[in-house]
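Written out below as structure tokens is the structure these notes cover.
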Amino acid sequence: MAGYISLVQFTSQGETTVKDLPKRIDAVKKTAAGMGVNTVGVWLTMGQYDLVAIFDAPSDHVMGTLLMALAGKGNGSSETMRAFSEDEIRTLVSKM
């Protein structure tokens, strides 16, 4: 599984329905699980981004599909990056 970090900013729709956030997080986890993606955690943050979510997905394609499905809900926009674990870092460095 590959790691991914999503930095999320609420849209105006997401801001006006913020009381539904716990339900939305549950829905994200359910959608992700249905695609074989593990939601490691979701954190409400202060600053430029409103949420940080960490996922483990079987591939970039699966993660991309999840992100498009979530974007279609209209509650937030995300910036997602591939995250390499400590073990992956060691493997990458050993091949240098």
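Lysine pair count for the chain with Cα-Cα distance under 29 Å and sequence separation of 8 or more or different chains is 6.
Just checking the listed ones, Asp50, Asp20, Asp60: in the Gaussian network model of the chain with Cα springs under 10 Å, the one fluctuating most is Asp20. Per residue of the chain, the DSSP helices (runs of n ≥ 4 H) give a summed -39500 (n - 2.57) that works out to -12000 deg cm²/dmol at 222 nm. Can you compute the FRET efficiency between Ser94 and Leu67 using 1/(1 + (r/R0)^6), with r the Cβ-Cβ distance and R0 = 41 Å? Round to the nearest 0.05. Taking R0 as 41 Å, the efficiency between Ser94 and Leu67 is 0.85. Our coupling estimate for the stretch 13-30, obtained by passing each phi through the Karplus curve with A = 6.51, B = -1.76, C = 1.60 and θ = phi - 60°, is 4, x, 5, 6, 10, 4, 5, 8, 3, x, 5, 5, 4, 4, 5, 4, 4, 5 Hz, Gly and Pro reported as x. Over the stretch 2-94, the ratio between the Cα radius of gyration and 2.2 N^0.38 Å evaluates to 1.12.
Springs join every pair of Cα atoms under 10 Å in this Gaussian network model of the chain, and among Ser85, Ser59, Ser12 the largest mean-square fluctuation is at Ser85.
Between Lys29, Lys19, Lys73, the GNM of the chain built on Cα springs shorter than 10 angstrom shows Lys19 fluctuating the most.
Computed from the coordinates by the stated procedures, all read-outs in this text should not be read as laboratory data. Keep in mind the model is a prediction, meaning the values are calculated, not measured. For neighbour counting, all protein chains shown are included, and Cβ atoms are generated from backbone atoms with ideal geometry for every residue, glycine included.
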